[in-house]
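Engineer: Got a structure here, written out as C-alpha cells. Questions coming.
Bear in mind these aren't lab numbers, they're just calculated from the coordinates by the rules spelled out. Just so you know, these numbers come straight off a predicted model, no measurement behind them. A quick note on method: Cβ atoms are made from the backbone with ideal geometry, for glycine too, and the neighbour counts reach across all protein chains shown.
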Amino acid sequence: MTLARSAPTHLSPRLTAATARRVLRQVAHDHRTVAMMLVLPSGLLGLLYLLWKDVPAVPGQPGIFDHVGLTMLGIFPFVVMFLVTSIAMLRERTSGTLERLLTTPLGRLDLLLGYGAAFGLAATLQAVVTVTIATTVYGLDVTGSIWLVVLIAVVDAALGVALGLLASAFARTEFQAVQFMPVIVLPQFFLCGLLVPVDQMAGWLQAISHVLPLTYAVDALQEVGAHTTATGRMWIDVAVVAGATLLALALAAATLRRRTD
Amino acid sequence: MDPAVRVTDLVVDRGPRRVLDKLTFAVAPGQVTGLLGPSGSGKTTLLRALVGVQKVRSGEVTVLGLAAGSPPLRARVGYVTQSPSVYADLSVRENARYFAALYGRGAHEADAAVAAVGLSDAASRLVTGLSGGQKARASLACALVGDPDLLVLDEPTVGLDPVLRVELWDRFHALADSGTTLIVSSHVMDEAARCDRLLLLRDGALLADSTPAELRADTGADDLEEAFLQLIRTRGQEVAA
C-alpha cells in the first residue's frame, strides 16, 4: 500500500504573503472589527486611567496606573489576537476552505505564517495607536523607549496569534473556541506578576508562572518601565516569548492533518 | 494511454463503518467521468481519497501516475467540495485571485475563471451575499483558475437553474476536449447521460463501470434511472442466489 506522506512543511514566501494579504482583506471588509481592533485597547486603558486618576501614589514608587497601564499594553494585544485568530482559524476549518487549501500547493507552515504576518501587522497598528494615546492623552510615564513597548506588544500579539492557531485545533464549535480564551488567557494573566509580584507567590505558583510565556512579556515591559535603555534581561524576556511563539506555531502545524477521517 | 486515475482495492473505514469496500477502477484521461449514486453511497469519500485528504485503510490510489495527494500533484489537481468552500467575507474576485496566487497564476487568469462561471457581473460582490448557485459557481471558479489536469467536482450543479446547468456541462466537455480529466459526482440521473463514462456507486461498492449507451443496452432500459434500478435488482438476486 502506498499512501502519500504529508508534505514536509516547506516554505514559500510568495504563498505566505498571498495568504497574509487574503487574511488582511477579510479583516478589512469587516469595518467594525477593524475599528474595535484599533480603538478598543485605548478605550479600556482610558477606563483604567480614570480608575486610578485620583488614587494617590505611594511616595517614592511609580503611580499605579503607570505600572498597570504599561502591563496592559502587553496584555491587550495578546488577548485580542488570540481571540481573533482562534475564531478565524476555526472558520477556516469548519467552512471547508482548510480542506481545500490542503489540496493546493500551499504548505501548512505558509498558511500559519500567513495568519501570523497578517495579524502581526494588525497588532503593530494597534500597538502604535494604543501606545500613542496612552503616553499622550493618559500621560502614561515610561522610563524607557516607547518603541520597545511597541516591539514587546507586537511580540505578545504574535504569541496570541500562535496560541490561537493552536487552540483552534481543539475546538469543534465557535462556543468552544470562545471559551478557550479564559482557559488559555486568564491563568496567564493571574500569574503574570501584575496582580501579585511573582516573588511573593507560593513556590508552586511561582513554578507555574515561570513556564507561562505571558510572565516574560510582563517582565519585559516592567524592565522598559524601570530603565532608560534596553536591558539584557528585557531581551532575554523577549526571546523567551518569541521562542514560545515558534513552539506554539510548530505544534499548530502538527495539528493540521492533511488526511482526515 | 495511461489512465488519469487508477484505484486498486481501495478500502476506507470511518469509525466502525466501512465506507468504501475494495474499489477497483481506472479513469481515462480527457473524459468526463460521472460518479453516480445515492446520498450516503460513498461518493464524497471516494473523491476525497482522489485528492489525498481522506484517511485510507488499504489499497492504492494513483493520480496522473503519482500517489494521490503527493506534493507535485497539488498544482495539477483541482477540487471543488460539495458545499461551496470559498471565503464568505471576500468578494468573488478576491477569492479567485487568492486561489490563482496559490496555483501560481495571475489576476488575468482569475478574472477569466470568474467570467467562465458567468459571475463577471457579481465579481466585486462579497460571497456571503450571493445565492446558493452563485456561491457554488464562485467555488468552481477557484478550482478552474489553476487550469488543472484533473478536476474533481463534488455535486457542482446542485441548486443551479437548468440553463446554467447545461452551460456548465458544456464547459466540462470543452475542458475535457482540451485534455482535462473531469470526475463529477451527482445523484441526479439525468446528468449521467451527459457523461462519457459512468461509475455507479452503492453502499461503498461499484455497481457499474460503463458508458451510458452500454448501460442502456445491458439492462434494456431507455432511462438511466431505470437502468440503475435494474442493476440493483439483479445484484440483489445474485446475492440471494
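Engineer: Could you point to the residue in A:Ile133, A:Leu195, A:Gly160 farthest towards the positive end of the stretch A:121-248's charge dipole, with +1 and -1 charges on the Cβ of Lys/Arg and Asp/Glu respectively?
Structural biologist: A:Gly160
Engineer: Additional query: Please check: in the Gaussian network model of chain B (C-alpha springs, under 10 Å), which one of B:Ser120, B:Ser186, B:Ser41 has the largest mean-square fluctuation.
Structural biologist: B:Ser120
Engineer: Peptide B:67-76: average number of partner chain Cβ atoms within 10 Å per residue?
Structural biologist: 5
Engineer: Report ³J(HN,Hα) in whole Hz for each residue of the stretch A:80-91, in order, from the Karplus equation J = 6.51 cos²θ - 1.76 cosθ + 1.60 where θ = phi - 60°; Gly and Pro get x.
Structural biologist: Rounded to whole hertz, the list is 4, 6, 4, 5, 4, 5, 5, 5, 4, 6, 5, 4.
Engineer: If the elastic network links every pair of Cα atoms under 10 Å, which of A:Leu251, A:Leu212, A:Leu195 fluctuates the most in the Gaussian network model of chain A?
Structural biologist: Highest fluctuation among the options: A:Leu195.
Engineer: Sticking with this structure for a sec: On a 0 to 90° scale, report how tilted helix B:162-177 is relative to the longest principal axis of chain B, with both axes built from alpha carbons and the result rounded to the nearest 10.
Structural biologist: 80 degrees
Engineer: Turning to a different aspect of this structure: Mind giving me the nanometre distance, one decimal, between the label points for B:Val166 and A:Trp147, set 7 Å out from Cα along Cα→Cβ?
Structural biologist: So the two model labels end up 6.8 nm from each other.
Engineer: Also: With both bridge residues required to lie in the protein assembly as shown, what share of the DSSP beta bridges run antiparallel, to the nearest 5%? Intermediate results must be reported in sequence, preceding the final value.
Structural biologist: Details: 20 of 39 bridges.
Of the beta bridges lying entirely in the protein assembly as shown, close to 50 percent run antiparallel.
Engineer: For chain B, what does -39500 (n - 2.57) per DSSP helix run (n ≥ 4), summed and divided by total residues, give at 222 nm, in deg cm²/dmol to the nearest 500?
Structural biologist: -11000 deg cm²/dmol
Engineer: Now a separate question. What percentages, rounded to whole numbers, describe P(r) for chain B computed over all alpha carbon pairs with 5 Å bin width beginning at zero?
Structural biologist: Here the calculated profile for chain B is 1, 7, 13, 18, 19, 17, 12, 8, 4, 1, 1, 0, 0.
Engineer: Rounded to the nearest 0.05, what FRET efficiency do B:Asp218 and B:Thr8 have when you use their Cβ-Cβ distance and R0 = 30 Å?
Structural biologist: Values: r = 24 Å, r/R0 = 0.81.
It comes out at approximately 0.80.
Engineer: On to the next question. What is the average number of partner chain Cβ atoms found within 10 Å of a Cβ in A:98-110?
Structural biologist: 6
Engineer: Summing +1 for each Lys or Arg and -1 for each Asp or Glu, what net charge is found among the other residues whose Cβ lies under 9 Å from the Cβ of B:Asp154? Mind showing how you got there, number by number?
Structural biologist: Details: positive: B:Lys43, B:Arg48; negative: B:Glu155.
Result for the neighbourhood of B:Asp154: +1.
Engineer: Just subtract the alpha-carbon distance of A:Val178 and A:Asp30 from 0.36 nm times their residue separation and send over the number in nm, one decimal.
Structural biologist: Numbers: separation 148, 0.36 × 148 = 53.28 nm, distance 1.89 nm.
Extra length available between A:Val178 and A:Asp30 comes to 51.4 nm.
Engineer: Please build a GNM for chain B, connecting alpha carbons under 10 Å apart, and tell me which residue among B:Asp111, B:Asp196, B:Asp222 fluctuates the most.
Structural biologist: B:Asp222
Engineer: Follow-up question, since we're still on this one. Could you tell me which of B:Val188, A:Val80, A:Leu70 has its Cα farthest along the dipole of the protein assembly as shown towards the positive end, charges placed at Cβ (Lys, Arg +1; Asp, Glu -1), taken about the Cα centre?
Structural biologist: Result: A:Leu70, furthest along the dipole toward the positive end.
Engineer: OK, next. Considering the stretch A:13-255, what Rg and Dmax in Å follow from its alpha-carbon atoms?
Structural biologist: 18.2, 63
Engineer: What does the net charge come to around A:Val178 if you take all other residues with beta carbon closer than 14 Å to its beta carbon, with K and R at +1 and D and E at -1?
Structural biologist: Here the charged neighbours net out to +1.
Engineer: Here's another thing I want to ask about it. As I understand it, the dipole of the stretch A:13-255 uses +1 on the Cβ of Lys and Arg and -1 on the Cβ of Asp and Glu, about the Cα centre. Which of A:Gly43, A:Leu121, A:Leu221 lies farthest toward its positive end?
Structural biologist: A:Leu121
Engineer: Given H placed on each backbone N at 1.01 Å, which residues far from B:Val19 in sequence or on other chains put an amide H within less than 5 Å of it?
Structural biologist: Correct list: B:Val12, B:Asp13, B:Arg14.
Engineer: Can you compute 3J(HN,Hα) from phi for each residue in the stretch A:201-211, using the Karplus curve 6.51 cos²θ - 1.76 cosθ + 1.60 with θ = phi - 60°, rounded to whole Hz and x for Gly and Pro?
Structural biologist: Working through the residues one at a time gives 7, 4, x, 6, 6, 4, 4, 5, 4, 6, 9 Hz.
Engineer: Next up: With a ≥ b ≥ c the root eigenvalues of the C-alpha gyration tensor of the stretch B:6-117, is it rounded (a/c under 1.5), prolate (a/b larger than b/c) or oblate?
Structural biologist: Cα axes put the stretch B:6-117 in the prolate bin.
Engineer: For the stretch B:108-122, in order, what is each residue's ³J(HN,Hα) by Karplus, 6.51 cos²θ - 1.76 cosθ + 1.60 with θ = phi - 60°, in whole Hz (x at glycine and Pro)?
Structural biologist: 5, 4, 4, 5, 5, 5, 5, 5, 5, 9, x, 10, 4, 5, 9
Engineer: Calculate the spin-label point distance for A:Val55 paired with A:Ala242, positioning each point 7 Å from the Cα along the beta-carbon direction, and give it in nanometres.
Structural biologist: Result: 3.5 nm between the two label points.
Engineer: Give me the lysines in straight-line cross-link reach of B:Lys22: C-alpha distance below 29 Å, same-chain residues under 8 apart excluded.
Structural biologist: B:Lys43, B:Lys55
Engineer: Counting Lys and Arg as +1 and Asp and Glu as -1, what is the net charge of the other residues whose Cβ lies under 12 Å from the Cβ of A:Gly107?
Structural biologist: Computed value for this residue: +3.
Engineer: A further question follows. For the pair B:Thr128 and B:Lys22, how long in nm is the line joining their label points, each one 7 Å along Cα→Cβ?
Structural biologist: 5.1 nm
Engineer: Same structure again: Which order do peptides B:129-139, B:4-14 fall in by mean Cβ count within 10 Å, highest first?
Structural biologist: B:129-139, B:4-14
Engineer: Roughly how crowded by other chains is peptide B:94-105, in terms of the mean Cβ count from those chains within 10 Å of each of its Cβ atoms?
Structural biologist: 5
Engineer: Counting each DSSP H run of 4 or more residues in chain A as -39500 (n - 2.57), what helix-only mean residue ellipticity at 222 nm follows after dividing by all residues, to the nearest 500 deg cm²/dmol?
Structural biologist: -25000 deg cm²/dmol
Engineer: Still on this structure, please answer the following. Long-range amide H contacts for B:Ala208: which residues qualify at under 5 Å (H placed 1.01 Å from N, peptide plane, sequence gap of 5 or more or a different chain)?
Structural biologist: B:Leu200
Engineer: Turning to a different aspect of this structure: Which FRET efficiency value, to the nearest 0.05, do you get for A:Leu38 and B:His173 by plugging their Cβ-Cβ distance into 1/(1 + (r/R0)^6) with R0 = 41 Å?
Structural biologist: Details: r = 51 Å, r/R0 = 1.25.
Using R0 = 41 Å, I get an efficiency of 0.20.
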